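These notes are about the structure you will find just below.
Every number in this text was worked out from the coordinates using simple rules, so none of it is lab data. Predicted model, so just to flag it, every value in this text is computed and none were measured. Glycine also receives a Cβ, built like all others from the backbone with ideal geometry; neighbour counts cover every protein chain displayed.
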Amino acid sequence: MRTQVVIIGGGPSGLLLGQLLHKSGIDAVVLERRTREYVLTRIRAGVLERGLVDLLEQAGAADRLHNESYTHDGTVFAVNNEHFGIPFSKYIDKPVTVYGQTELTRDLYDKRESVNAQTLFNVEDVVLNNVKSNAPSVECRVAEKTIRIDCDFIAGCDGSYGVSRHNIPAEVRNEFEKIYPFGWLGVLAETKPVHEELVYANSDRGFALCSMRNQNLSRYYVQCDANDNIDNWTDTQFWDELKRRIPDQFADTLDTGPSIEKSIAKLRSFVCEPMQWGRLFLCGDAAHIVPPTGAKGLNTAASDVHYLYNALHQWYSENDHTALDKYSETALKRVWKVQRFSWWMTSTLHRFPQYSEFDLRVQRAELEFLQQSEAAQASLALNYVGLPY
Ligand code: RFL
Ligand code: PHB
């Protein structure tokens, strides 16, 4: 079998890249380890930057998003019982869009199927060959058969536990990691969101976040121990803890109900350098992870896809490899700025077990500065709505 680009991983990065390539007449095969149904049960991101929305439009996969998403022009920060808003529109004329990663992924799968683009599910034992040559290939097992796909390029979009990254030899691969001493316990519930904007709360009991998917679907998180067990949390315990961490004004009107999904995610920052090796290009979580506090994971995956798609397009349409050669350098510049922002949001809003009274005072001062300074709010708004590509 032969194609132009093999895309390993059928998550949002792989699917978006596949669709953009398809629109440009570049042939790609997507290899996904799971089933489509499994991929669509993962509840993750919910806040999309304009750049990602633009890419979905370019890929022809934004129709449902335009009908069903919500636009947010600001966000709320709470500190114990106090809160203040940051109006993005005062500082930048770009809002963010609230639309679930699950729905976005579904739209991309539907689009891929409607144009008969090839996706192989349940693939096992993916092996990359000759990535440093001009004729790489990928071998894998599908339905008990081993297949080999010859290609021009390989896009490693297989998330943080994928195989692609490990094809960059250990002696040239630099991995930077920061593990946070807590996790997020998340609940999805068919209830009315407590507020029309997201509420990021720093409380003496730890961080909490009130988010949403639509008018009848809310997403809430509370900071928990990194090694906490989901069985320790009944729905009632979760709602009680959330109420204790958000201002009374929100707690008193919180609409609670049975959770339809409940999970714990550990928080970590991670970057792999370089993001390219020969004809292999990494995109999204395969190359970097951010803690979810700034809603940047999926959005940073999208900026990688933007750079890689444009570089591949330049190669196929003009035989010009300049942008491909610079892919890692270009993508990493933005990746590190987003790492900084996500680390800052996480440090400013969470309760760290090792924090001293001094650290807590500095954290409080940081939030007061954010409340009072237009310069600090402008910086937050620029980063939150998304740095330019
Ligand atoms: P994914 O989504 O992990 O997809 C990778 C795909 O590759 C497949 N795979 C393989 N396929 C073939 N062969 C192999 N050997 C394979 N190994 C793996 C996997 O099955 C999977 O389908 O990575 P991708 O596409 O790069 O997308 C990244 C995003 O999913 C991720 O960054 C975001 O979900 C992070 N994130 C958020 N990002 C945002 O931009 N805004 C948010 O509001 C936001 N909230 C979140 C989040 C992540 C969270 N968790 C669970 C960590 C909230 C949470 C709680
Ligand atoms: C979400 O809705 O899942 C969400 C929103 C904002 C974040 C993280 C997660 O910062």
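Check whether at least one residue in the stretch 233-251 is aliphatic (A, V, I, L, M), over 24 Å from the mean Cα position of the chain (by Cα) and away from ligand 2 (no atom under 15 Å from the Cβ), and report yes or no.
Pass one, the stretch 233-251, residues aliphatic (A, V, I, L, M): 242, 246, 251.
Restricting the remaining residues to those that are over 24 Å from the mean Cα position of the chain (by Cα) gives 246, 251.
If we keep only those that are away from ligand 2 (no atom under 15 Å from the Cβ) too, we end up with 251.
There is at least one residue in the stretch 233-251 that is aliphatic (A, V, I, L, M), over 24 Å from the mean Cα position of the chain (by Cα) and away from ligand 2 (no atom under 15 Å from the Cβ).
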Practice prompt. Please specify each residue of the stretch 137-160 satisfying the condition of being under 12 Å from residue 8 (Cβ atoms) and within 14 Å of ligand 1 (Cβ to nearest atom).
Written response: 138, 139, 140, 149, 154, 155, 156, 157, 158, 159
Discussion item. Please count how many residues of the stretch 108-130 are farther than 17 Å from residue 1 by Cα and of a type in the set (A, V, I, L, M, F, W, C).
Written reply: 2
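Would you check if there is a residue in the stretch 30-37 being more than 16 Å from ligand 1 (Cβ to nearest atom), surrounded by fewer than 22 Cβ atoms within 10 Å (Cβ to Cβ) and more than 27 Å from residue 221 (Cα to Cα)? Walk me through it before giving the result.
The first filter runs over the stretch 30-37 and keeps only residues more than 16 Å from ligand 1 (Cβ to nearest atom), leaving none.
Among the residues of the stretch 30-37, not one is more than 16 Å from ligand 1 (Cβ to nearest atom), surrounded by fewer than 22 Cβ atoms within 10 Å (Cβ to Cβ) and more than 27 Å from residue 221 (Cα to Cα), which makes the answer no.
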Practice prompt. For residues that are among the β-branched types (Val, Ile, Thr) and surrounded by 14 or more Cβ atoms within 10 Å (Cβ to Cβ), scanning just the stretch 159-203, find the one that is nearest to residue 263 (Cα to Cα).
Written response: 187
Fill in: Qualifying residues in the stretch 97-136 (those that are aliphatic (A, V, I, L, M) and in a helix (DSSP H, G or I)) - the one farthest from residue 14 (Cα to Cα)
104
Worksheet item: Just checking, which of 216, 167 is farther than 19 Å from residue 265 by Cα and touching a Leu at 6+ places or on another chain (Cβ under 6 Å)?
Response: 167
Practice prompt. Sort out for me the helices (runs of 4 or more DSSP H) sitting completely within the stretch 296-389 that have 1 or more residues that are crowded, with 22+ Cβ neighbours inside 10 Å and either aromatic (Phe, Trp, Tyr) or within 16 Å of ligand 1 (Cβ to nearest atom) (or both).
Written response: 297-318, 327-349, 374-385
